[in-house]
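No value in this document is a laboratory result; all are computed from the given coordinates. These numbers come from a predicted model, not from an experiment. Cβ: placed from backbone, ideal geometry, glycine included. Neighbour counts: every protein chain shown.
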Amino acid sequence: MEQVKKKISISLSEVKEILGKVDVEEMDQIQRWTYDYVSKFVSIEPKDAKEMKKQLMKDCGLTEDEAVEIVNIRPTSLAELRSFTFGWKKLILAETLEKILKIIKEHS
């Protein structure tokens, strides 16, 4: 049994990139379902997703998990963004929310 060496949160775009390197015939059922899903619904390049995640963490003080959630969903309005950040149970200043939206627009 393999041991977990490091745990990181990655975006769906990065999942697509990783699974894209595996022969579909070698995938188990869950990997195939996951690859099928990300192939249909992911529309951002892995490089852009990684950059956006890094920038959200650095410039907006988001955790890795929070940044990945934003990268995956890429809300387009303040109201939509607030609906996600509300669940984080921490106060996000309006100025920070605006900065998050700006970062999303830069990478879209």
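Applying 1/(1 + (r/R0)^6) with R0 = 35 Å to the Cβ-Cβ distance of Glu64 and Gln31 gives a FRET efficiency near 0.95. Specify whether the C-alpha gyration tensor of the range 1-56 places it in the rounded, prolate or oblate class, a ≥ b ≥ c being the square roots of the eigenvalues: rounded for a/c under 1.5, otherwise prolate if a/b is larger than b/c and oblate if not. It comes out oblate by the Cα gyration axes.
Please work out whether the range 36-98 counts as rounded, prolate or oblate from its C-alpha gyration tensor, where a ≥ b ≥ c are the square roots of the eigenvalues and a/c under 1.5 means rounded, while otherwise a/b larger than b/c means prolate and anything else oblate? Since a/c reaches 1.5 and a/b is larger than b/c, the shape of the range 36-98 is classed as prolate. Each of Val71, Gly20, Leu81 was placed along the dipole of the chain (beta-carbon charges, centred on the mean Cα), and the one lying farthest toward the positive end is Leu81. The angle separating the long axis of helix 94-106 from the principal Cα axis of greatest extent in the chain is about 40 degrees. Can you tell which of Gly61, Val38, Ile104 lies farthest toward the positive end of the dipole of the chain, using +1 and -1 charges on the Cβ of basic and acidic side chains (Lys, Arg; Asp, Glu)? My answer, from the dipole projection, is Gly61.
Between helix 46-60 and the chain there is an angle of about 30 degrees, using the helix long axis and the longest principal axis of the Cα atoms.
For the chain, the longest principal axis of the C-alpha atoms and the axis of helix 64-73 are separated by about 80°. Please work out whether the chain counts as rounded, prolate or oblate from its C-alpha gyration tensor, where a ≥ b ≥ c are the square roots of the eigenvalues and a/c under 1.5 means rounded, while otherwise a/b larger than b/c means prolate and anything else oblate? Taking the square roots of the gyration eigenvalues as a ≥ b ≥ c, the chain is prolate. Annotation for Lys105 and Ile8: the two label points, set 7 Å from Cα along the Cα-Cβ direction, are 3.0 nm apart. Here Lys102 is the anchor, and the lysines within straight C-alpha reach of less than 17 Å, apart from those fewer than 8 places off in the same chain, are Lys50, Lys53, Lys54, Lys58. The charge dipole of the chain, taken about its Cα centre with unit charges on the Cβ atoms of Lys, Arg (+1), Asp and Glu (-1) only, comes to about 400 debye.
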